[in-house]
Every structure is written in C-alpha cells, then in structure tokens.
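Heads up, the thing below is written out as structure tokens.
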Amino acid sequence: MGFKLSDGTVLPNNAPFTIGTGEDAVNYPANWLRLSTADEKAALGISEFSDPIKYDSRFYQTDGTPRVLDDVNTVNGETGELIKNKDGTQHVTYGLKTELKNQNKQMAQARLQKYDWYITRKAEKGTAIPAAITTYRDAVRTACNTREAEIDACSDAAALATLYSFKEDGTANMTSFPLDPNIQYR
C-alpha cells in the first residue's frame, strides 16, 4: 500500500516528507504515515492506494495479459501478409511453450556437456564410461523429456505459472533434473 496527496504526489513510506512550500511547509517524521489515523490523513488530503499488481513476465505481459502459448506464423502488421524467411519458408514467432522448452533443452545440454569428454575418450581410446555418469546422463535426458511433456500439458499461462512454482513444502511442481554425481550436496 502507498499514500499520495490529492495532487497525485506519492509520499514515501518510512521516510520523512514535507507538505506545502515556504512558510506553509510542514515537515512530518518517517513514522507519521504508519502512526496517523485515517481521519488525520484525510484532513491533509492524503489517500491510500494499492500498489499495482506485478505479473510474472515469464508468463504475462505487464498489463496481466497472458503471453501467447503456441507458435504462430509471423504476419506483417500493416499488410497482413505472411512473412517469409530468406529461404522462402514461413517465419514463425515462437510461443511461450516453445521458448520454455528451448530453455529446458539448454539446461539439459549444459548438464550433459560437462561429461561429454567421457564419450570422446570412449570413442578414441575405448575407455569405459563410469556407470554413474551413464546413469546420470540418461536421467538428464529423461527429466528433459518429462519436463517438456509437463510444459505441453499446460493449457494456459496460469497453469505454466503453477508448474514453475513450488509447493508449500518447498518442492518443485515440475520434474527436477537429477543431482550431479560428482558434486557433494549437503
């Protein structure tokens, strides 16, 4: 909640402020807004207002409109004609689901790439890949596929926001990637 004067001037919370100018100026201490009554505020032309709602920009526009979920063909806004790529194929504007799945793929790639040297060593020298690494890499791929299915199953931005949030006990609603076998967790 915030407070403002009748002229629209927003008053800072927990900070001293001044109303008026020159000889008519009155200084108020930092705790005045908290300690004063509604009648005392109203007598000075101070009103309370709600802070604007802040929407999660991953899922909503700043005005609260849900972001587009599915890919759409890109269209020229003036002519309505479909926009083509240089090679003549249709240009596509990615929807939120594709963006989130691409981010998911990048997270999986980062986890896998860390252990790619085992695969190179196996190919070049025939050295066995440790079972823990193979199991981990398989679990990363499985988690990636499951997470993408969870994204696809969401029917609207609110469902995606819920998927990307946490339960009361702190666990994720979305499938987690496996723990790295070479990191000691506490």
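The values are calculated or read from the model by the stated rules, or taken from the named source; none is laboratory data. Please read these numbers as outputs of a predicted model, since none were measured by experiment. In this analysis, Cβ positions are derived from the backbone assuming ideal geometry, glycine residues included, and neighbour counts consider all displayed protein chains.
Of everything listed in (1) at pLDDT 95 or above; (2) under 30 Å from Phe59 (Cβ atoms); (3) over 29 Å from the mean Cα position of the chain (by Cα), the single unmet condition for Ile129 is (2).
Only one of the numbered conditions (1) surrounded by 15 or more Cβ atoms within 10 Å (Cβ to Cβ); (2) part of a helix (DSSP H, G or I); (3) of a type outside the set (Ser, Thr, Tyr); (4) in contact with a Leu (Cβ under 8 Å, 6 or more places away or on another chain) is not met by Cys154, and that is (2). Asn104 falls short on exactly one of the conditions (1) free of Cβ contacts under 8 Å to residues at least 24 places away in the same chain; (2) in a helix (DSSP H, G or I); (3) surrounded by 11 or more Cβ atoms within 10 Å (Cβ to Cβ); (4) not charged (D, E, K, R), and that condition is (1).
In this structure, is Arg141 part of a helix (DSSP H, G or I), touching a Leu at 6+ places or on another chain (Cβ under 8 Å) and surrounded by 12 or more Cβ atoms within 10 Å (Cβ to Cβ)? In short, yes.
Go through the stretch 11-39 and give me each residue that's at positive phi and under 36 Å from the mean Cα position of the chain (by Cα). Don't jump to the end; show me each part of the working.
So the first thing to find is which residues in the stretch 11-39 are at positive phi, and the list is 14, 20, 22.
Listed by number, the list holds a single entry, Asn14.
Contact map, the stretch 162-183: residues that are in contact (Cβ under 8 Å) with a residue 40 or more places away in the chain paired with residues that are part of a loop (DSSP other than H, G, I, E, B) and β-branched (Val, Ile, Thr), Cβ distance under 6 Å, separation 6+ or inter-chain. No pairs are found. Here Thr127 meets the list (1) touching a residue at least 24 places away in the same chain (Cβ under 8 Å); (2) touching a helix residue (DSSP H, G or I) at 6+ places or on another chain (Cβ under 8 Å); (3) of a type in the set (Ser, Thr, Tyr) almost entirely, failing just condition (1).
Pull up the stretch 58-95, narrow it to residues that are surrounded by 14 or more Cβ atoms within 10 Å (Cβ to Cβ) and in contact with a His (Cβ under 6 Å, 6 or more places away or on another chain), then point me to the one that is nearest to Ala159 (Cα to Cα). Can you show your working first?
Of the residues in the stretch 58-95, the ones surrounded by 14 or more Cβ atoms within 10 Å (Cβ to Cβ) are 58-60, 66-69, 71, 74, 83, 94-95.
From the residues that got through so far, the ones that are in contact with a His (Cβ under 6 Å, 6 or more places away or on another chain) too are 74, 83.
Details: Thr74: 25, Ile83: 31 Å.
Checking each candidate, the answer is Thr74.
Could you check the stretch 43-57 and list, in sequence order, the residues that are surrounded by 13 or more Cβ atoms within 10 Å (Cβ to Cβ) and out of contact with any Lys or Arg (no Cβ under 8 Å at 6 or more places or on another chain)? Answer for the stretch 43-57, where residues must be surrounded by 13 or more Cβ atoms within 10 Å (Cβ to Cβ) and out of contact with any Lys or Arg (no Cβ under 8 Å at 6 or more places or on another chain): Leu44, Tyr55. Of all residues in the stretch 107-126, those being surrounded by 11 or more Cβ atoms within 10 Å (Cβ to Cβ) and not in a helix (DSSP H, G or I) number 2.
Residues to consider are Arg141, Arg121, Arg147; find the one that is basic (Lys, Arg), modelled with pLDDT of 95 or more and within 19 Å of the chain's Cα centre (by Cα). Explain how you work it out, then say what you get.
Values: Arg141 fails: within 19 Å of the chain's Cα centre (by Cα); Arg121 fails: within 19 Å of the chain's Cα centre (by Cα).
After ruling out the rest, the residue left standing is Arg147.
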